[in-house]
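Colleague: There's a structure below that I have some questions on.
The values are calculated or read from the model by the stated rules, or taken from the named source; none is laboratory data. Just so you know, these numbers come straight off a predicted model, no measurement behind them. Note that each Cβ is placed from the backbone with ideal geometry, even for glycine, and that neighbours are counted across all protein chains shown. Accessible surface is based on the protein model in full, side chains and every heavy atom, while ligands, DNA and RNA are left aside. Shrake-Rupley method; radii C 1.70, N 1.55, O 1.52, S 1.80 Å.
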Amino acid sequence: MDPQFQQAIQRNPHLGVYVNEFVQKTGDEPEFVINLPKDLDAENVNIILAVGDPVFVHLYGTHEMGEAKYYTIEPPLSPIEQRKYDAIMNNILERSADEEVPESEAELKELISKLLYEAVEIGAGGDISEEDGKTSIIEKLVPKQRTIPVNQQEFNNIQYHIERNVVGSGPIEPIVRDPYLEDIHSIGVDNVYIVHKKLGMTETDLTFGDEAGLDQWLRSMSERIGRPVSYAKPIADGALPDGSRINIIYSLDVSKRGSSFTMRKFSEVPVSIIELINWGALSPEMAAYMWICLENGMSVFFSGETASGKTTMLNACLPFVNPKSKIFTAEDTAEVQPSQPVWQQLITREDGPVDSRVDTFALLKAALRSRPNYIIVGEIRGVEGAVAFQGMQTGHPVMATFHASAVTKMIQRLTGDPINVPVTFIDNLNIAMILSAVYRKGAFLRRCLSVDEIEGYYEEAGGVVTRAVFQWDPETDTHKFRGLNNSYILEDMIATKLGYEDKRKIYDDLFLRARILQEMCDRDIKDYYDVLELIINFYKYGVEGLPFAV
């Protein structure tokens, strides 16, 4: 057995129990890893992934089984430990009445730890039988000064479950810790599926126990996002403290197969443009094109279907905006993460009296009065789209995400109900980047399908004229630069604005930036903040500010 595996089992006895039972059942010993291999075979895998003691996940599947399944490994609570857990939680709740209300998640975790140590007596609980425990533990609950006896292993297990349920994510904590997690989809008590970066849509073994357990968890999550659900108000959507976005549909009246939720996981540090290039989502030339366009105040929509990577791409491109720009963001849920220090973050308020509610439409009108260099809309769905186009008309560049799978469909949605942008105004939007989750050679990939320039409305052409300057070739999984020496935005807008006598010199600027991005890929400079620092230095000092020659 791998030495790291042995050490993990020594630290986490429950892992050893799980592995022994699995080997006895299947005859196969799992491989222990810290990071999943790039060439993971989703139909023949037997890997235990460490996601932070005492939690592990087991990916297991064979060709006979078909698709792999996702199993979670965490310390279980024995019946006697469950009784002690309940007793300790009651003790903590009583003691918490005398404490100041924590103002942050870190303070809450610190307070829970303090109260936990006050509520237990470590080293005194190892010999209590289950029958004795039924009375002795309950008796110790009466005076709150009394402590509950636990041995060290019991304490470790109970501490994990208290932190998991009070500060963490409850039953879904193991999968939330997984760095390869993208989305969680749950319908009812037992149907918990995830979208995994390596395995795609995958079934898990997670359960909420019963309807009461699921309902309690959903109410707790909805309170964390400040939008409590109830039978009167069964739908809630918002951001959790860690930035993840959750949508809750509560009550069997509305969700017939059981209360459900969808959670999208967002990392605290955005994905960098170099990581997206390395993953094949776009090419260095495409990224360089976006760099020049955002540097020069072009308005861009990142459009695609659900889970196509729109917000991820938008965040990755934001460092291309001049670091001295004044940024305004208007969102329903906080997802956009600009790197510019002058950033005004505006969030809608959906609850409360009608007169006190603030929608995206109102936020955009407020932003237009503040003279921002860039306005970023989390997602355009309704009448706020018309305000965004008014902003573009008055010289405010706008970036936004949008639900449409092609530039033609995007224009149709923009000009139809309920957005109703006049078709003659569409050319205020300069660029549409179309993104999609594609299935290629048995794997789900996120790709930029095209970058389209919006030239304008021509009556003689019978509509809006667009140019595809980049297109993805699904056969070769490469991006073709169709706009070389034929880009309306680069030549007729940006080169003209910069005063180039020979407009095609703008392509030299593009290829210079492409070489910089390629060099970062080759040198494995991919951390978001390392990439940001390099781009900022290029803004300040040009090529002299780079740590390499191009």
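Colleague: At least 3 residues that are open to solvent by less than 70 Å² (accessible area, probe 1.4 Å) and either out of contact with any strand residue (DSSP E or B) (no Cβ under 9 Å at 6 or more places or on another chain) or touching a residue at least 12 places away in the same chain (Cβ under 8 Å) (or both) in each: list the strands (runs of 3 or more DSSP E) lying fully within segment 1-91 that qualify.
Modeller: 45-50, 56-61, 69-73
Here is a yes/no grid of residues against (1) touching a helix residue (DSSP H, G or I) at 6+ places or on another chain (Cβ under 7 Å); (2) assigned to a helix (DSSP H, G or I); (3) under 24 Å from S450 (Cα atoms):
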site: T476; (1), (2), (3): no, no, yes
site: I494; (1), (2), (3): yes, yes, yes
site: E501; (1), (2), (3): no, no, no
site: R513; (1), (2), (3): yes, yes, yes
site: I525; (1), (2), (3): yes, no, no
site: L532; (1), (2), (3): yes, yes, no
site: N537; (1), (2), (3): yes, yes, no
site: Y541; (1), (2), (3): no, yes, no
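Colleague: Separate question: Select from segment 1-24 the residues that are closer than 19 Å to E74 by Cα and among the charged types (D, E, K, R) and write down the one among them that is modelled with the highest pLDDT.
Modeller: Only one residue fits best here, namely E21.
Colleague: If you don't mind, there's one more thing I want to ask. For K109, all conditions in the list (1) open to solvent by less than 80 Å² (accessible area, probe 1.4 Å); (2) modelled with pLDDT of 85 or more; (3) touching an Asp or Glu at 6+ places or on another chain (Cβ under 8 Å) hold save one; what is the number of the exception?
Modeller: Going through the list (1) open to solvent by less than 80 Å² (accessible area, probe 1.4 Å); (2) modelled with pLDDT of 85 or more; (3) touching an Asp or Glu at 6+ places or on another chain (Cβ under 8 Å), K109 breaks only (1).
Colleague: Considering only segment 333-360, state which residues are open to solvent by 10 Å² or more (accessible area, probe 1.4 Å), in contact (Cβ under 8 Å) with a residue 24 or more places away in the chain and touching a helix residue (DSSP H, G or I) at 6+ places or on another chain (Cβ under 7 Å).
Modeller: Selection gives E335, Q337, P338, S339, T360.
Colleague: Taking the options V531, V451, name whichever one is under 31 Å from the mean Cα position of the chain (by Cα), surrounded by 22 or more Cβ atoms within 10 Å (Cβ to Cβ) and modelled with pLDDT of 95 or more.
Modeller: Answer to the check: V451.
Colleague: Count, please, the residues in segment 224-233 that happen to be without any contact (Cβ under 8 Å) to a residue 40 or more places away in the chain, within 20 Å of the chain's Cα centre (by Cα) and over 15 Å from R164 (Cα atoms).
Modeller: Selection size over segment 224-233: 1.
Colleague: Continuing with the same structure: Test V398 against the criterion of being open to solvent by less than 10 Å² (accessible area, probe 1.4 Å), closer than 21 Å to D452 by Cβ and under 28 Å from the mean Cα position of the chain (by Cα), and give yes or no.
Modeller: Answer is yes for this residue.
Colleague: Just one of K526, K480, K503 is surrounded by 13 or more Cβ atoms within 10 Å (Cβ to Cβ), more than 26 Å from the chain's Cα centre (by Cα) and closer than 28 Å to D39 by Cα; which is it?
Modeller: Sole residue among the options that is surrounded by 13 or more Cβ atoms within 10 Å (Cβ to Cβ), more than 26 Å from the chain's Cα centre (by Cα) and closer than 28 Å to D39 by Cα: K480.
Colleague: Within segment 310-326, which residues are touching a helix residue (DSSP H, G or I) at 6+ places or on another chain (Cβ under 8 Å) and not in a helix (DSSP H, G or I)?
Modeller: V321, N322, P323
Colleague: Being small (G, A, S) and modelled with pLDDT of 95 or more is the filter here; which residues of segment 305-324 pass it?
Modeller: Selection gives A316 alone.
Colleague: Do any residues in segment 383-402 that are in contact (Cβ under 8 Å) with a residue 12 or more places away in the chain and among the small types (G, A, S) have Cβ atoms under 6 Å from those of residues that are open to solvent by less than 20 Å² (accessible area, probe 1.4 Å) and assigned to a strand (DSSP E or B), where the two are at least six apart or on different chains, and which pairs are they?
Modeller: Once the first residue is in contact (Cβ under 8 Å) with a residue 12 or more places away in the chain and among the small types (G, A, S) and sits in segment 383-402, its partners that are open to solvent by less than 20 Å² (accessible area, probe 1.4 Å) and assigned to a strand (DSSP E or B) give A388/V377; A388/V398; G391/I375; G391/V398; A400/F301; A400/V377.
Colleague: Taking the options A366, A432, name whichever one is within 27 Å of the chain's Cα centre (by Cα) and either surrounded by fewer than 21 Cβ atoms within 10 Å (Cβ to Cβ) or of a type in the set (G, A, S) (or both).
Modeller: A432
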